[in-house]
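Please read the structure below before turning to the comments.
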Amino acid sequence: MTLIKSISGIRGTIGGKPDEGLTPIDVVKYTAAYVTLIKKNVTGRCKVVVGRDARISGPMVEQLVLGTLQGMGVDVIHLGLSTTPTVEVAVDHFGASGGIILTASHNPAQWNALKLLNHKGEFISAAEGQEVLSIAEQNDYVFAEVTELGTVTTDTTFTAEHIRMIMADELVDAEAIRAANFRIVVDGVNSSGGIVIPQLLTALGVQTITNINGEPTGHFAHNPEPLPEHLTEMTAIVQSEKAHLGIVVDPDVDRLAFVCEDGSMFGEEYTLVAVADYVLQHRKGNTVSNLSSTRALRDVTRGHGGEHFAAAVGEVNVVEKMKEVNAVIGGEGNGGVIYPPLHYGRDAMMGVALFLTHLAKTGMTMTALKKSYPNYFMSKNKIDLNPSINVDKVLEKTHQNYRNEEVNTIDGVKIDFSEGWVHLRKSNTEPIIRIYAEGATAEKADALANQVIEEIHKIVS
């Protein structure tokens, strides 16, 4: 059993002993601690928005969270089956004190999590997260008396409002999308995306939609992380249906990947690159991505006269940097698009609308659009952690080994070479070390990654 408390929330595998897995006791404890935190800035009644993805444990965790919030005297706006970006938008829309999203994002079905939002619908800061952990550890929370218990108001219609907000944005051109007459395949991996993405596409004027793995059963048809090795069904159907493209999202619809008309991957890294290219054509300014994202965003940004900035991995870090440099678009190389005019959160739905507008206006095929961008190749690897591995020692030793190169240590260790880069860091969401590398060819990226992986194994042994 695993329980991870990080900048990405309280995430763990369901079952086991308290504080070893995500048990009912842990759900109640951390929910109560979160409420204690946000109540410090609230005068009068506290209001919290709650939504979940379709994973199997969702209804059970949802009942625990709703009951705990009521027990803490919180009035709840319950969205039910929803998406992470929809909950984020709803917090601001309803003037709530915060929000909780019940999802383990790309993690497999045995995982679930509490993603915690502030009153702006943005993830709480690292310092606030530490305060939640401290409150929970000390059981320093007080439940409400019977006359002060909270209420639950269910609103299952807010997805339509989220879509309306997307359609109203001046950079979204539904007429251009309708005229392009796209044929699109959607893979919602048996979660919320199988419902909301087809609804969005219909609103945008797409008439030919093939929806695979669209039933929100929580029994994921494949590993829910939208990586090429997990999308063989999608790539085959895009080709057999002669579709213009395929759209893939993770269970909570904050990550976005595309499949080209020939069945090849457009590349998760290039989701943000393409959307940024379109936005920068209309709004001059800066961009932000995390340290593990492709150099192509930097190149495209500079081509439009802007400046690119790098942030530590984690949505809250990217958002903080975006605000600091007044970025017009930003996100993460895992297919996460953050578009400030709508909200400061990764939003696959907004990403779809902007991307399809861009594709329609260019008149290009997916493969042609991909070829129009700087061509880099990413190698994504990981090493499973066990108690014997001293991650800090691994990172420090790696830093020393490459001290003559350009090294960035704001988030793990990133080594920049003239021909590419390698970034190794402890994951916020899984018990692993991630080793990402990028090069001018797939072989060079793999070689850079393998070089560092071999050195890590030597350090550990």
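Listed conditions (1) touching a strand residue (DSSP E or B) at 6+ places or on another chain (Cβ under 6 Å); (2) buried (at least 21 other Cβ atoms within 10 Å of the Cβ); (3) outside any strand (DSSP E or B) are all met by ILE10, apart from (3). Looking across the stretch 36-48 at every residue that is out of contact with any Cys (no Cβ under 7 Å at 6 or more places or on another chain) and modelled with pLDDT of 95 or more, the one that is surrounded by the fewest Cβ atoms within 10 Å (Cβ to Cβ) is identified as THR36.
Among the criteria (1) open to solvent by 20 Å² or more (accessible area, probe 1.4 Å); (2) in contact with a strand residue (DSSP E or B) (Cβ under 6 Å, 6 or more places away or on another chain), the one ASP299 does not fulfil is (2). Is it true that some residue in the stretch 200-214 is within 20 Å of MET165 (Cα to Cα), open to solvent by less than 60 Å² (accessible area, probe 1.4 Å), within 19 Å of the chain's Cα centre (by Cα) and modelled with pLDDT of 95 or more? The answer is yes; a qualifying residue exists. Filter the stretch 67-87 for residues that are in a helix (DSSP H, G or I) and either modelled with pLDDT under 95 or among the small types (Gly, Ala, Ser) (or both) and give the result. Residues satisfying the conditions are GLY67, GLY71.
Scanning the stretch 420-457 for residues that are among the hydrophobic types (A, V, I, L, M, F, W, C) and outside any helix (DSSP H, G or I) yields TRP421, VAL422, LEU424, ILE432, ILE433, ILE435, ALA437, ALA440. Within the stretch 49-78, can you find the residues that are buried (at least 20 other Cβ atoms within 10 Å of the Cβ) and either under 19 Å from the mean Cα position of the chain (by Cα) or among the charged types (D, E, K, R) (or both)? Across the stretch 49-78, the qualifying residues are VAL49, VAL50, GLY51, ARG52, ASP53, ALA54, ARG55, GLY58, GLU62.
Right, ALA221: open to solvent by 10 Å² or more (accessible area, probe 1.4 Å), in contact (Cβ under 8 Å) with a residue 24 or more places away in the chain and part of a loop (DSSP other than H, G, I, E, B) or not? When the stated conditions are applied, ALA221 passes them.
Taken across the stretch 389-400, residues that are part of a helix (DSSP H, G or I), among the acidic types (Asp, Glu) and surrounded by fewer than 19 Cβ atoms within 10 Å (Cβ to Cβ) do occur, with at least one present.
The values are calculated or read from the model by the stated rules, or taken from the named source; none is laboratory data. In this text, all values refer to a predicted model and were calculated from it rather than measured experimentally. Cβ coordinates were reconstructed from backbone atoms using ideal geometry, including for glycine residues, and neighbour counts include every protein chain displayed. These accessible areas exclude ligands, DNA and RNA; they are computed on the full protein's heavy atoms, side chains included. Shrake-Rupley method; radii C 1.70, N 1.55, O 1.52, S 1.80 Å.
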